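The values are calculated or read from the model by the stated rules, or taken from the named source; none is laboratory data. As the structure is a prediction and not an experimental result, all values here were calculated from the model. All Cβ positions, even for glycine, are placed from backbone atoms using ideal geometry, and neighbour counts span all protein chains on display.
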Amino acid sequence: MTPAQFHARLKKGAPPVILLLGQEAYERRRIKDAMTAALPAESVTQHDLATVGLAEAIDDARALSLFASERLIWITNAELALPRGKAAAAEDDEGEGSGGSGSGDAAPLAEYLRDPTPGVTLVFEAIRFDFEGDDKRKSDRVRKFYAAIPDVVELYRYNPADARREAEALVRKAGFRLDPAALDLLVEALGADVARIAVEIEKLSLYAGDRPVDVDDVTALCPDARATTIFALVNAIGRRDRVKALAILETLTRDGEYLPLALAFLSGQFRMALVAREAGIKSSSQLLSHCAKAGIPMWPSRADQIYQTVSKFSKAQLERAMELIYKTDKALRDARPDDRIVMERFILDLVR
């Protein structure tokens, strides 16, 4: 089930055993906060399967408490209960789950589920593996081991568009104003990681007071400020604002930023703009549709940024920009180059 479905389920009462599967930290924290909100501290217990066995954690769930009629037992590192060594090799997965104290036997859990202790909720937290790529097989193996648990909450990572919507909701809840461009930079700089975005929004709300927060504020306060400054450089060049671009380059140089990284972002911006120009795209909404058909992740503000570059540069200028990016990348790889001078020359050649 999704986190939203689980929250709806929670209103009717928590199931006896739950498996949280996936790496999305923000939704996992929301679930834990919702489950612990009405419970006193003595009713919440945490076990780590790196130090205790699965059977020991189940035994704790069977024990009756003299002080709490309801108990929440939160079990971390649930992956470490999986078989390992020869048992894991039999499943064509040798070595997975090593390092913990689990026995590799899910029988105690299956037996407990046949007669769970009233008033006790067990939550198994399995957060090591994602649902895609190399992690998919490992995630499926965790799901198979805990197959006896009927209530599985899948914690998928937010895509950029959903992360931005959640960030907007967090800003509204915090009660301050954040410029759309600043919000875009925050989401991009933090890789659409909503858990980190939520922390930064809380910091920005304390800093804001009665005035709106802009890109410069995000750059100053965000721990990934140098990354957000790179995005600001991309946007300045995309607007053909030479003065602003050189000023941002000065900031990047002063902060010790790795300038080839800035060039990589610029390459992506101009490549997408050239694709849009060749496709005859006439608006940011058309660019969104084009990217959706091609399976390229894109959200409205990002499309606006790219289309702004399209409107400022002709096709010939975009092609020239790609040539300049190639030459600049090569110059940055030369023996002992002065990266700042190389990037200044690139900006002056491009924006004139």
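Couple of notes before you dig in:
- Which listed residue, of Asp184, Asp179, is assigned by TED's automatic domain parsing to the domain that holds Ala232, out of contact with any Leu (no Cβ under 7 Å at 6 or more places or on another chain) and without any contact (Cβ under 8 Å) to a residue 60 or more places away in the chain: Asp179
- Qualifying positions in the range 31-56 - in a helix (DSSP H, G or I), free of Cβ contacts under 8 Å to residues at least 60 places away in the same chain and either touching a helix residue (DSSP H, G or I) at 6+ places or on another chain (Cβ under 7 Å) or among the aliphatic types (A, V, I, L, M) (or both): Ala34, Ala41, Leu54, Ala55
- Residue list for the range 254-292, restricted to those being surrounded by 15 or more Cβ atoms within 10 Å (Cβ to Cβ) and among the hydroxyl-bearing types (Ser, Thr, Tyr): Ser267, Ser284
- Filtered by the rule that a residue be under 10 Å from the mean Cα position of the chain (by Cα) and not in a loop (DSSP other than H, G, I, E, B), the range 193-215 gives Val194, Ala195, Arg196, Ile197.
- Being among the aliphatic types (A, V, I, L, M) and either within 16 Å of Glu79 (Cβ to Cβ) or surrounded by 14 or more Cβ atoms within 10 Å (Cβ to Cβ) (or both) is a property that Ala37 lacks.
- Helices (runs of 4 or more DSSP H) wholly inside the range 126-192 that include at least 2 residues being under 30 Å from Asp217 (Cβ atoms): 160-174, 180-189
- Selection status of Leu266, touching a Phe, Trp or Tyr at 6+ places or on another chain (Cβ under 9 Å), more than 28 Å from Tyr158 (Cα to Cα) and not hydroxyl-bearing (Ser, Thr, Tyr): no
Yes or no, residue by residue, for (1) under 20 Å from Ala81 (Cβ atoms); (2) assigned by TED's automatic domain parsing to the domain that holds Arg114:
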position	(1), (2)
Gly133	no, yes
Arg137	yes, yes
Arg141	yes, yes
Lys144	yes, yes
Ile149	yes, yes
Ala167	no, no
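- Restricting the range 162-173 to residues that are among the small types (Gly, Ala, Ser) and buried (at least 17 other Cβ atoms within 10 Å of the Cβ), the residue that is nearest to Val123 (Cα to Cα): Ala163
- Some residue of the range 41-48 being crowded, with 19+ Cβ neighbours inside 10 Å, at negative phi and modelled with pLDDT of 85 or more: yes
- Tyr146 under 12 Å from Ile18 (Cα atoms), surrounded by 15 or more Cβ atoms within 10 Å (Cβ to Cβ), of a type in the set (Phe, Trp, Tyr) and at pLDDT 85 or above: yes
- Residues that are loosely packed, with under 15 Cβ neighbours inside 10 Å and either touching a Leu at 6+ places or on another chain (Cβ under 8 Å) or not assigned by TED's automatic domain parsing to the domain that holds His290 (or both), drawn from the range 301-318: Lys315
Conditions (1) touching a residue at least 60 places away in the same chain (Cβ under 8 Å); (2) in a helix (DSSP H, G or I), marked per residue:
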{"position": "Glu323", "(1), (2)": "no, yes"}
{"position": "Asp334", "(1), (2)": "no, no"}
{"position": "Ile341", "(1), (2)": "no, yes"}
{"position": "Glu344", "(1), (2)": "yes, yes"}
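- If only residues of the range 123-148 that are among the small types (Gly, Ala, Ser) and touching a Gly at 6+ places or on another chain (Cβ under 9 Å) are counted, the one that is nearest to Thr36 (Cα to Cα) is Ala126.
- The helices (runs of 4 or more DSSP H) located wholly in the range 242-314 that include 1 or more residues which are in contact (Cβ under 8 Å) with a residue 12 or more places away in the chain, of a type in the set (A, V, I, L, M) and closer than 23 Å to Asp334 by Cα occupy 242-254, 259-278.
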